[in-house]
Amino acid sequence: SQTIHQWPATLVQPVGSPLSLECTVEGTSNPNLYWYRQAAGRGLQLLFYSVGIGQISSEVPQNLSASRPQDRQFILSSKKLLLSDSGFYLCAWKNTGGQIDTQYFGPGTRLTVL
Amino acid sequence: QQQVKQSPQSLIVQKGGISIINCAYENTAFDYFPWYQQFPGKGPALLIAIRPDVSEKKEGRFTISFNKSAKQFSLHIMDSQPGDSATYFCAAKGPLGQFYFGTGTSLTVIP
């Protein structure tokens, strides 16, 4: 069966510090991968999605970046965090192609920037 | 720009009642419309989904109604239970595999 992992689960970082959040998927190959941010009481904002290794599409211009160094690994990074980067970060995956469009979410990372 | 608009923001329903959440979209290239349920501190989980060639889909107490011409779809929760209290999100999938989510509806079912 497929499993999606995210770490860390919680993170408190000062403004201006770097960020690295990691997401890995097990039990599938060549998945579509996604990063979302959910601000308190808000909906999910699509940040990045990837349909393959090294292929990253950005939805919202900001100080975040994403990378996919391996087929089932997706990393969200920042060189300098802003207060507005606080939120709940969710990674998700979906099978590529076919008729199955179900998107599965990880447990999330709660980021607080102080 | 919000690709998918969702209402209401919050909803309070008596146990046994019907909960109705509505969503609207503009992009006719969207080809898959899921609903997700999220409990506090957890990631969203797929509840039910529909494709635009179908007008209604029912799974247990959950029904999606889809109006392609109006570009609207809704979630109906029949016989609502306190355990259904959660935040519900509608979403739409674009042709490149990207998903756009509504802003969420916080549902509270009163015993």
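A few comments on the model shown:
- Remark: accessible area buried at the B-A interface is about 1500 Å², both chains counted, probe radius 1.4 Å.
- Solvent-accessible area of the range B:4-110 (1.4 angstrom probe, protein heavy atoms only): carbon and sulfur portion equals 52 percent.
- Computed label-point distance, nm, for sites B:His76 and A:Thr3 using a 7 Å Cα→Cβ extension: 4.0
- Distance between the C-alpha centres of the range A:1-76 and the range B:56-111: 25 Å, rounded to the whole angstrom.
- Quarter of Cα convex hull surface for chain A, i.e. mean projection, nm²: 6.8
- Here the Karplus relation 6.51 cos²θ - 1.76 cosθ + 1.60, evaluated at θ = phi - 60°, turns the backbone of the range B:65-82 into coupling constants of 10, 10, 10, 5, 5, 8, 6, 9, 8, 9, 10, 10, 10, 7, 6, 4, 10, x Hz, with x for every Gly and Pro.
- Neighbouring partner chain Cβ atoms per residue of B:93-100, average, 10 Å criterion: 6
- For the range B:20-83, applying the loop criterion from DSSP together with a ceiling of 14 other beta carbons within 10 Å to the GluC sites (Glu not before Pro) yields B:Glu26.
- Paramagnetic reach from B:Phe39 (point 7 Å along Cα→Cβ, amide N under 18 Å) across the range B:73-111: B:80-89, B:105-111
- Shielding of A:83-95 by partner chains, average beta-carbon count, 10 Å: 1
- About its Cα centre, the dipole of chain A is roughly 240 debye, where the only charges are +1 on Lys and Arg Cβ and -1 on Asp and Glu Cβ.
- Using the Karplus relation 6.51 cos²θ - 1.76 cosθ + 1.60 with θ = phi - 60°, the per-residue 3J(HN,Hα) values for the range A:12-27 come to 10, 10, x, 4, x, 7, x, 9, 8, 10, 10, 9, 9, 10, 10, x Hz, with x marking Gly and Pro.
- The protein assembly as shown gives an Rg/Rh value of 0.97, both radii derived from C-alpha positions and Rh following Kirkwood.
- Relative contact order, percent, chain A [alpha-carbon distance under 8 Å, six or more residues apart]: 35
- Interface burial in the range B:34-82 reaches 50 Å² or more for B:Pro44, B:Arg51, comparing the full protein assembly with the chain by itself; accessible area from heavy atoms with a 1.4 Å probe.
- ³J(HN,Hα), Karplus 6.51/-1.76/1.60, whole Hz, each residue of the range B:42-59, x for Gly, Pro: 10, x, x, 10, 4, 9, 6, 8, 9, 9, x, 8, 10, 8, 7, 9, 10, 9
- Inter-site label distance for A:Ile53 and A:Val15 at 7 Å from Cα along Cβ, in nm: 4.0
The values are calculated or read from the model by the stated rules, or taken from the named source; none is laboratory data. Bear in mind that the values here come from a model prediction, so they are computed numbers and not experimental data. FYI the Cβ positions are ideal-geometry reconstructions off the backbone, even for glycines, and counts take in every protein chain you see. Side chains are part of the model used for accessible areas, which takes the heavy atoms of the whole protein and leaves out ligands, DNA and RNA. Shrake-Rupley method; radii C 1.70, N 1.55, O 1.52, S 1.80 Å.
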